[in-house]
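K.L.:
There's a structure below that I have some questions on.
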Amino acid sequence: MKVLVTGGAGYIGSHVSKALALAGHEPIVYDNLEMGHKWAVQWGPLVKADLADIAVLRKSLEQVEAVIHLAGYIFVGESVKAPGKYYRNNFTNSLHLLDAMVETGVKNIVFSSTAAVYGNPREIPIPEDAPKEPINPYGESKRFIEQVMEWYSSAHGMRALSLRYFNACGADPDHEIGEMHNPETHLLPLIIYASLGLRPSIQVFGTDYNTADGTCLRDYIHVTDLARAHVSGLAYLKNVGVTTACNVGTGSGHTVRELIRAVETLGGKPVPVTEGPRRGGDAETLVARATLARDLLGWQPRHSSLDEIVSTALRWHHHAIETGLHDYRA
Ligand code: UDP
């Protein structure tokens, strides 16, 4: 199947493209390269364009049977400070895409949603039918799109699967691709940068949470596992096709301090740590109920032990430094 992968030059999108190719599909990457990297597009052609370029978008859609939509801004903290940026890009540009899909007759879409749609959950692990009460514009912009897709399904026969990602991390085991954001705000790469001396230390955001060691707890999912869920999602849409949403996580969590310890152990050296206040927009604990993905998609995590996540990420960053791909600026 030919699949348009919006945001396919990004961290998750490039792993999705590789997973598609390994499963015998043909990814066509649609990315404006604002955040993505040309070197990450290795498994099919790149259309370098914005989702607001409606003519290019329509022409690209005419070539494919399905869409995997990952393009969008991803920083929770930034979304709190600049909400308009998030609504314009994540919401308005997704509307352009959905309308262009209706016009060109492409029905199936796997959408990159997020655990941030749940806000501060009342129940852990979080089931998909938990209340959606996002506490930041990033999560809210994704929730809007989930809802719009439900309405487009009843109005236009769209078949949509929203994958609610928990915390994506780790890297391709062949280190062909990996995480490379600039600026980087995510926990694991920042711990690794502190371990490698690329930044002076890692700051722990909040040590007074009601968790075992006082730091936030997250469900960390290996990006290769997450990527495979999209391929299973396409099969689900083709065979069943009922619009729905599904968590993609492991069902268990780790604290910030546990991640730091894992990098110290696997990296073989201490990581300099400072402690700071809580970060705005952070929930205390986010852990998925992971049974629906298994039942609906036949998907289960295979590579998401903390050891495998941290060791693949460490290998990737060493490789990126050795080959000059690293462009991190502290
Ligand atoms: N975090 C931290 N220091 C950092 C970056 C993140 O303590 O420099 C914490 C953050 O508060 C959260 C967890 O690490 O509890 C994961 O944050 P990240 O930004 O990686 O992902 P998010 O959960 O926001 O999607």
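K.L.:
What size of dipole, in debye to the nearest 20, comes out for the chain about its Cα centre when the only charges are +1 on Lys and Arg C-beta atoms and -1 on Asp and Glu C-beta atoms?
P.N.:
Working: 30 positive and 36 negative charges, 47 e Å.
Magnitude of the dipole: close to 220 debye.
K.L.:
Oh, and also: Have a look at G241, G251, V231 and report the one farthest towards the positive end of the charge dipole of segment 209-268, computed about the Cα centre with Cβ charges (Lys/Arg +1, Asp/Glu -1).
P.N.:
My answer, from the dipole projection, is G241.
K.L.:
Here's another thing I want to ask about it. With the convex hull built on the Cα atoms of segment 30-169, state its orientation-averaged projected area in nm². Display every interim value, and only then the final one.
P.N.:
Details: hull surface 36.1 nm².
Seen from a random direction, the Cα hull of segment 30-169 projects 9.0 nm² on average.
K.L.:
A further question on this structure: Rounding to the nearest 20 debye, state how big the charge dipole of segment 24-100 is about its Cα centre with +1 on each Lys and Arg Cβ and -1 on each Asp and Glu Cβ.
P.N.:
Working: 7 positive and 9 negative charges, 53 e Å.
So the magnitude is around 260 debye.
K.L.:
Relative to the longest principal axis of the chain, what angle (0 to 90°, nearest 10) does the C-alpha long axis of helix 223-239 take?
P.N.:
Here the helix axis deviates by roughly 20 degrees.
K.L.:
Which Cα, out of W151, I135, N108, lies furthest along the positive dipole direction of segment 85-185 (beta carbon charges, K/R +1, D/E -1)?
P.N.:
Comparing the listed Cα positions along the dipole, W151 ranks first.
K.L.:
Given the chain, what percent of its DSSP beta bridges are antiparallel, to the nearest 5? Before the final figure, lay out each step's value.
P.N.:
Working: 2 of 40 bridges.
In the chain, approximately 5 percent of DSSP beta bridges are antiparallel ones.
K.L.:
Could you work out the Kirkwood radius for the chain, taking every pair of different alpha carbons, averaging 1/r and inverting it, reported in Å? Write down the numbers at each step before the final one.
P.N.:
Values: mean 1/r = 0.0503 Å⁻¹.
For the chain, inverting the mean 1/r across all distinct Cα pairs yields 19.9 Å.
K.L.:
Once fully extended, how much extra length lies between E258 and S201, figured as 0.36 nm per residue of separation less the alpha-carbon to alpha-carbon distance?
P.N.:
Numbers: separation 57, 0.36 × 57 = 20.52 nm, distance 1.59 nm.
My answer for the length gained is 18.9 nm.
K.L.:
Also, quick follow-up: Charges on Cβ only, +1 for Lys and Arg, -1 for Asp and Glu, centred on the Cα centroid of the chain; of N210, L198, T6, which one is farthest towards the dipole's positive end?
P.N.:
Of the options given, the answer is T6.
K.L.:
When every alpha-carbon pair in segment 122-237 is counted, what percent end up more than 17 Å apart?
P.N.:
On the way: 4796 of 6670 pairs.
Value for segment 122-237 (Cα pairs over 17 Å): 72 percent.
K.L.:
K48: which aspartates and glutamates have alpha carbons under 14 Å from its alpha carbon, excluding same-chain residues fewer than 8 sequence positions away?
P.N.:
Straight-line reach from K48, under 14 Å: D31, E34.
K.L.:
Based on Cβ point charges of +1 for Lys and Arg and -1 for Asp and Glu, what charge dipole magnitude is obtained for segment 216-330 about its Cα centre, in debye rounded to the nearest 20?
P.N.:
Numbers: 13 positive and 12 negative charges, 35 e Å.
With Lys and Arg at +1 and Asp and Glu at -1, about 160 debye.
K.L.:
Something else: Once a ≥ b ≥ c are taken as the square roots of the eigenvalues of the Cα gyration tensor of segment 265-330, is the result rounded (a/c under 1.5), prolate (a/b larger than b/c) or oblate (a/b not larger than b/c)?
P.N.:
Numbers: a/c = 2.16, a/b = 1.33, b/c = 1.62.
The shape class here is oblate.
K.L.:
Determine, from the Cβ-Cβ distance of Y87 and D307 and an R0 of 51 Å, the FRET efficiency 1/(1 + (r/R0)^6), rounded to the nearest 0.05. It would help to have the intermediate numbers written out before the result.
P.N.:
Values: r = 39 Å, r/R0 = 0.76.
It comes out at approximately 0.85.
K.L.:
If you don't mind, another one. Working from the pairwise distances between different alpha carbons, so that the mean of 1/r is found and then inverted, what is segment 1-107's Kirkwood radius in Å?
P.N.:
On the way: mean 1/r = 0.0722 Å⁻¹.
Taking the inverse mean of 1/r over all distinct Cα pairs, segment 1-107 comes out at 13.8 Å.
K.L.:
I've got another one for you. In Å and whole numbers, how far do the C-alpha atoms of segment 75-115 stretch along each principal axis, longest first?
P.N.:
For segment 75-115, the Cα spread along each principal axis is 37, 20, 8 Å.
K.L.:
Between E133 and V273, how many nm apart are label points set 7 Å from Cα along the C-beta direction?
P.N.:
3.1 nm
Read the figures in this text as sums done on the coordinates, not as results from a lab. Not measured: the values here are computed from a predicted model. Ideal geometry is used to build each Cβ from the backbone, glycine not excepted, and the neighbour counts take in all protein chains shown.
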